[in-house]
Amino acid sequence: MKYAIFGDIHANLEALEAVMLDAAANDCTDFVCIGDIVGYNANPAECLNLVRDLGCPVVKGNHDEEASQDTPLEGLNPLAKHALEWTRKSLSEEDRSWLAGLKLVRQVRDFTIVHATLDTPGNWGYVTNKFDAMASFSYQFTPVCFYGHTHTPRIYVKGDSVEAIEEQETRINLGKKYFINVGSTGQPRDGDWRAAYTIYDVENQFVQIRRLEYDIATTQQKIIDAGLPEMLANRLAVGK
Ligand code: ZN
């Protein structure tokens with residue numbers, strides 16, 4: 001049994017389709033989404049429908065939450081704000097209430113999923129170093145938890161101490177805990193423009209973060225055509 005675990009899609013349909021093809025080619029049988037289906041890019045409804053049709057476990061991201069509400073958009077950077085206003089208008093009421101109903105944390109089989117952090121999942125803090133990871137590990141009751149939000153793939157391991165490992169893959173050792181950022185499908189920010197997602201091979205207890213090229217020119221053109229900020233198209237090419 002292999003899970004394809006993906007998130008931070010941010011309405012990038014071409015990147016999401018590339019992930020679906022690669023997951024099928026690698027014999028993934030199950031899907032899990034760690035949130036932020038919408039926001040930033042130009043295909044929120046299409047990405048939401050694709051994920052909803054998978055019928056897979058999904059947790060809510062901060063952009064999903066903002067897109068599902070009518071409250072004024074505060075505390076966001078101008079690019080995110082502009083895109084979220086546009087996204088709210090692009091989604092149906094049915095889509096928005098589906099997003100509103102998503103949970104913040106879920107357990108799937110023997111692992112946990114969350115968008116941002118396990119210690120305060122609704123505060124949308126960022127796990128960017130081992131100290132942030134330690135706070136989440138305190139609330140992690142399964143050997144493995146998958147998360148997103150920073151758009152940077154990373155594997156934190158807790159043995160006697162907490163460390164981030166360099167590799168983009170690891171075998172799960174019993175007795176240790178793993179807090180794994182699956183990377184961003186639709187807007188990577190680690191300097192690599194390629195779409196990211198993670199395969200969890202349950203039988204072999206093996207986790208691998210994968211990177212995929214996709215039709216970025218089409219995604220960028222859609223952003224321009226939608227009247228969204230050009231900066232959102234430009235950043236995709238540099239992975240920032
Ligand atoms: Zn995100």
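Tabulated results
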| read-out | value |
| --- | --- |
| Trypsin sites (Lys or Arg not before Pro) restricted to DSSP loop in segment 91-187 with at most 14 other C-beta within 10 Å | 109, 176 |
| Segment 231-240 - phi-based ³J(HN,Hα) in whole Hz, Karplus 6.51/-1.76/1.60, Gly and Pro as x | 4, 5, 6, 5, 5, 4, 5, 9, x, 10 |
| Degrees, to the nearest 10: 44-54 long Cα axis against longest axis of the chain | 40 degrees |
| Table column - 3J(HN,Hα) (Hz), segment 10-18, Karplus curve with 6.51, -1.76, 1.60, x for Gly and Pro | 6, 6, 9, 5, 5, 5, 5, 5, 5 |
| Positive-end residue, segment 141-197 charge dipole about Cα centroid, Cβ charges, pick of 191, 142, 162 | 142 |
| In segment 30-116, the GluC sites (Glu not before Pro) that fall in loop regions by DSSP, at most 10 other Cβ within 10 Å | 74 |
| Per-peptide average of other Cβ atoms within 10 Å, ordering 48-54, 159-165 highest first | 48-54, 159-165 |
| Flagged links, alpha-carbon separation over 31 Å, of 2/130; 158/222; 89/130 | 158/222; 89/130 |
| Length added when fully stretched, residue 50-residue 123, from 0.36 nm per residue minus Cα-Cα | 23.6 nm |
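Values in this text are rule-based calculations from the coordinates and carry no lab data. Values in this document were obtained by computation on a predicted structure and should not be read as measured data. With ideal geometry, Cβ positions are generated from the backbone for all residues, glycine too; neighbour counts draw on all protein chains shown.
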